[in-house]
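Heads up: the structure comes next, in structure tokens.
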Amino acid sequence: MASVHESLYFNPMLTNGVVHANVFGVRDWVTPHKMALLVLLSELGRAGAQLGLLERRRLNRLLLPLLQGPDMALSRLRKAIEECCPHLAGSVHIRLKLMAEGELKDMEQFFDDLSDSFSGTEPEVHKTSVVGLFLRHMILAYNKLSFSQVYKLYTALQQYFHKDEKKDGADENEMELTNPEELDGKMEKEELDGPLREEEIACSGPLSQKQAEYFLSQQASLLKNDETKALAPASLQKELNNLLKFNPDFAEAHYLSYLNSLRVQDVFSSTHSLLHYFDRLILTGAESKSNGDEGYGRSLRYAALNLAALHCRFGHYQQAELALQEAIRIAQESNDHICLQHCLSWLYILEQKIFDSCVLLEHSVNKSLHFGLPYLASLGIQSLVQQRAFAGKAANKLMDALKDSDLLHWKHSLSELVDISIAQKTAIWRLYGRSTMALQQAQTLLSMNSLEAVNVGVQQNNTESFAVVLCHLAELHAEQGYFAAASEILKHLKERFPPNSQHAQLWMLFDQKIQFERAMNDGRYHVADSLVGGITALNSIEGVYSKAIVLKAQNQMSDAHKLLQKLLIHCQKIKNTEMVIRVLLSTAELYWRSSCHTIALPVLLQALALAREYSLQYLASETVLNLAFSQLILGIPEQALNILHMAIEPVLAHGAVLDKGCAMFLVAKCQVASAASYTPQKKIEALESAILNLNEAKTYFAKVDCKEQLRDVLYFQARLFHTLGKTQERNKCAMLFRQLHQELPAHGVPLINAFK
């Protein structure tokens, strides 16, 4: 914005190289770009009826962003006009050429003629219209210039025009060396109505107040709705610094700098910008004007509240608590109930880090409804539902509570909270192991249209809720073996939420987890081990668990057991019940592999009790499958078959493809073990039924490319076909087994001792 030397663009607040107190004291000043716009308006008035209705409509749509936006290069301006009316673009270029290559009096005469636009009984431009106000501001700013300043402006106009002429000459030379088809392709890619490119913004002059406000509002809107269209964090910060150089007291620029620092998780810069924002808000008197004598105190308490929220976001809970206490004290002195309700909500978040307390949250919801704060009330209900989901409450009660919050959303058109509610439902169904319901909720959110009006070409839903839902959708597809579809979803997430965006960590974690699961399924443990570091950086608990899984697969039992025990103690301390159950199941598998079958039983019973207590149906079903496997090992396959019927239905309905394959493989093992005591005819029927189940398991394992499990299934099938005397089928399975066995290393433990 101000990267080009200021002498090229006249600034009435800049004299002798010193910026005076408030550069925005004058709302507008004359620049070569604005003179080009004045020429455009003048030619538009001259054209009159010669312009068609469609051309005039296009030009009218083009004028508003040109008048509000920052200065741009003449070549870009000409292209924009040519898109609407080529004839008018030629007239503007000729008029500017005559003025730039003429004398100073030509520019003087041009500004004198501008006043004629308002004369007559039916003037071309109304004084109070957008164009009329722009013309009057420019005429007034020009009339205030001294002669030396007028000459400086004229020199800047000549440089502005000749710079474009040189660029056109260079483009013509390039066209002679370039294929015309390639040139047409390049032109088609340019979007004139899109956001300005960084190099074009950097070439514009210092902004007026209106241009600065338009730039800030545009970038803030893009950060909220479509971060990919906003300037890159470094470029945006550079432009904000240039803007603050001309007016250090511009509070809104400090706030946008705060939002920009949050994008890159910069604690120091975000705190610095937030404090400067409220300091400038108090110094400029903006709050006092709108709130009377309360303005000063209001800024102080909301500054403390925002500082508490910032510290909480970065995990500085002690600093957040101190700032929150300060905000509560000031709000109580001022009797500000609305601020107190916001403080109460944040107090619950801080207390939640120490102990689970629903009292504060329930009180916050009731008070928010009393004071007419539906947004806060709905967020409180969402938090209550989340807390009670982790506490194991029934799903139907949670959905009833979310239905009540949805009524608030639709009543008050809170579209962002509608998205959060649906994302919450998706996560709850995933937690409870109902993948079909989770998929339905995810599709519901993706098919919705936002209630908020946004600009054309901007993503309507670029929020955390959509990132969460898309991540769940990618994981669901990967679990069912649709890795190509999962990759497409992750590719879309990467485009929608770039690595430097605030929600990028969500898809990064899911991407790493999906790659980890694929590597483990494929038996590439060295690849899986290399992914553990990335998972740990994004989620330490998942990273430690993944490391333990790799160690277990590599038969490093003692190291895996130590890691799992440490993780178990930590998860019990922070009350992460889902991970506690997963750790217990992995620990039980370690005991199987170490031939300590009886020690595994109490561990599995503990996991089953927790899963049922917290309504984690899918984990409960998986635990029952592990119990059935334990009974099979202990020599009671009939009992194992009986309890398998309790668990296999939820697994087949909602489980991952790998879990379905393991379940069918276990059923086949139990059938074969039970057939030992059958009559010969019944034994043959049981073995044939087991072969059918093995075929189904083989289909599931092939879908996720789980070669180790495929090898075990083929070995088992070959043995069964040999028992039944089917030599041809046995040889086929034996050949496939040999191919996989040569490709994969032996796991070094008996086949019967591995459930998954």
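The values are calculated or read from the model by the stated rules, or taken from the named source; none is laboratory data. Bear in mind that the values here come from a model prediction, so they are computed numbers and not experimental data. No Cβ is skipped: glycine too gets one built from the backbone with ideal geometry, and neighbour counts run over all protein chains shown. Note: areas computed on protein heavy atoms with side chains; ligands, DNA, RNA excluded. Shrake-Rupley method; radii C 1.70, N 1.55, O 1.52, S 1.80 Å.
Looking at ALA89, ALA73, can you tell me which residue is surrounded by 18 or more Cβ atoms within 10 Å (Cβ to Cβ) and closer than 21 Å to GLN159 by Cα?
Answer to the selection: ALA89.
Specify which of the listed residues (ALA640, ALA686) is in contact with a Phe, Trp or Tyr (Cβ under 9 Å, 6 or more places away or on another chain) and crowded, with 24+ Cβ neighbours inside 10 Å.
That would be ALA640, the only listed residue that is in contact with a Phe, Trp or Tyr (Cβ under 9 Å, 6 or more places away or on another chain) and crowded, with 24+ Cβ neighbours inside 10 Å.
What's the number of the only condition in (1) among the β-branched types (Val, Ile, Thr); (2) over 24 Å from GLU464 (Cβ atoms); (3) at pLDDT 85 or above that ILE354 fails to meet?
All conditions pass for ILE354, except number (3).
Residues being assigned to a helix (DSSP H, G or I) and either over 20 Å from ILE428 (Cα atoms) or open to solvent by less than 30 Å² (accessible area, probe 1.4 Å) (or both): count how many of those fall in region 465-509.
30
Is it fair to say LYS367 is buried (at least 17 other Cβ atoms within 10 Å of the Cβ), over 28 Å from the mean Cα position of the chain (by Cα) and not small (Gly, Ala, Ser)?
yes
Can you find even one residue in region 613-634 that is farther than 27 Å from ALA673 by Cβ, of a type in the set (S, T, N, Q) and open to solvent by 20 Å² or more (accessible area, probe 1.4 Å)?
Yes, the conditions are met somewhere in region 613-634.
For (1) at pLDDT 85 or above; (2) of a type in the set (Lys, Arg); (3) open to solvent by 80 Å² or more (accessible area, probe 1.4 Å); (4) under 20 Å from PHE390 (Cβ atoms), each residue gets a yes or a no:
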| residue | (1), (2), (3), (4) |
| --- | --- |
| ASP404 | no, no, yes, yes |
| TYR432 | yes, no, no, yes |
| GLN443 | yes, no, yes, no |
| ASN455 | no, no, yes, no |
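Do we have TYR317 as of a type in the set (Phe, Trp, Tyr) and at pLDDT below 85 here?
No; evaluated as a whole, the condition is false for this residue.
Residues are listed down the side, and each one gets a yes or a no for (1) more than 16 Å from ASN500 (Cβ to Cβ); (2) modelled with pLDDT under 85; (3) of a type outside the set (S, T, N, Q); (4) out of contact with any Gly (no Cβ under 6 Å at 6 or more places or on another chain):
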position: ASN225; (1), (2), (3), (4): yes, yes, no, yes
position: ASN247; (1), (2), (3), (4): yes, yes, no, yes
position: ASP266; (1), (2), (3), (4): no, no, yes, yes
position: SER273; (1), (2), (3), (4): yes, no, no, yes
position: TYR296; (1), (2), (3), (4): yes, yes, yes, yes
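Just to be sure before I move on: is LYS552 open to solvent by 60 Å² or more (accessible area, probe 1.4 Å) and of a type in the set (D, E, K, R) in the structure I sent?
No; evaluated as a whole, the condition is false for this residue.
Looking at region 72-86 only, could you name the residues that are touching a residue at least 24 places away in the same chain (Cβ under 8 Å) and in a helix (DSSP H, G or I)?
LEU74, SER75, ARG76, LEU77, ARG78, LYS79, ALA80, ILE81, GLU83, CYS84
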